[in-house]
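Heads up, the thing below is written out as structure tokens.
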Amino acid sequence: MTSSIESGLYGVSQFFLTPVLLAIAALFLYAFFALGAFVVQALQRRGGHPGGFELRQVVRADPRIGSGELEVIAAQRLECVRIATRVAPLLGLVATMIPMGPALAALGDGDLASVSSGLGVAFSAVILALIASAITYAVAQVRRRWYAADLLRIERERAGDAVAEHRVPTLQAEAAR
């Protein structure tokens, strides 16, 4: 009975190798897409031209939007890169472990070509997953800092506007005296 459970688990784990490798490939491509978008956004921010997605544009579109809502929008914007950062290494580990079973079995049989093939897949997958994770981590961290600075700037502008609105009636009342 234990043998049938082991065979079933082995078969199920082998079934997931292709989907995991495809997911790692997709995350790897997404990491470079995110990096490209990040570079464009960095150049736009450096040039003083906010592009694509900016919290200030959201405020311009709806000046009544609250700070909490802006934080949610910033978190939503960061969600994909943060998920990629965390999921890629996990899938890399899975893609490392799945081919190890057949590679170890082949080693026991003396089939070094199969061992080499299995280990090649395992290590290639984890390397690509870690590269994807490193890229998305860097993008997420810098964007998080940008959005925090944008939120702070918006709050300061709003506080300045509130002070200015408060002063105007006071100055008008003094001028009327």
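The values are calculated or read from the model by the stated rules, or taken from the named source; none is laboratory data. None of the values given here were measured: they were computed from a predicted structure. Positions of Cβ are backbone-derived with ideal geometry, glycine not excepted, and every protein chain shown enters the neighbour counts. To get the accessible areas, we keep the full protein, side chains included, count just its heavy atoms, and leave off ligands, DNA and RNA. Shrake-Rupley method; radii C 1.70, N 1.55, O 1.52, S 1.80 Å.
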query = Can you name every residue in the stretch 22-75 that is within 27 Å of ARG156 (Cβ to Cβ) and among the hydroxyl-bearing types (Ser, Thr, Tyr)?
reply = SER67
query = Could you list, in sequence order, the residues of the stretch 3-20 that are closer than 14 Å to VAL121 by Cβ and either open to solvent by 80 Å² or more (accessible area, probe 1.4 Å) or not in a helix (DSSP H, G or I) (or both)?
reply = PHE16, THR18
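Each row is one residue, and each column tells you yes or no for (1) of a type outside the set (Ser, Thr, Tyr); (2) modelled with pLDDT of 90 or more; (3) open to solvent by 50 Å² or more (accessible area, probe 1.4 Å).
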| site | (1), (2), (3) |
| --- | --- |
| VAL115 | yes, no, no |
| SER133 | no, yes, no |
| ARG144 | yes, yes, yes |
| ARG156 | yes, no, yes |
task = Return the residue satisfying two criteria in turn: it lies in the stretch 21-65 and is touching a Leu at 6+ places or on another chain (Cβ under 8 Å) and at pLDDT 90 or above, and of such residues it is surrounded by the fewest Cβ atoms within 10 Å (Cβ to Cβ).
result = ALA25
task = Determine the pairs where a residue that is under 22 Å from PHE16 (Cβ atoms), located within the stretch 109-122, has a partner that is open to solvent by 70 Å² or more (accessible area, probe 1.4 Å) and not hydrophobic (A, V, I, L, M, F, W, C) with Cβ atoms under 7 Å apart, the partner being 6 or more residues away or on another chain.
result = none
ask   = Looking at (1) of a type in the set (Ser, Thr, Tyr); (2) farther than 23 Å from ILE135 by Cβ; (3) surrounded by 15 or more Cβ atoms within 10 Å (Cβ to Cβ), can you tell me which one THR96 breaks?
value = (2)
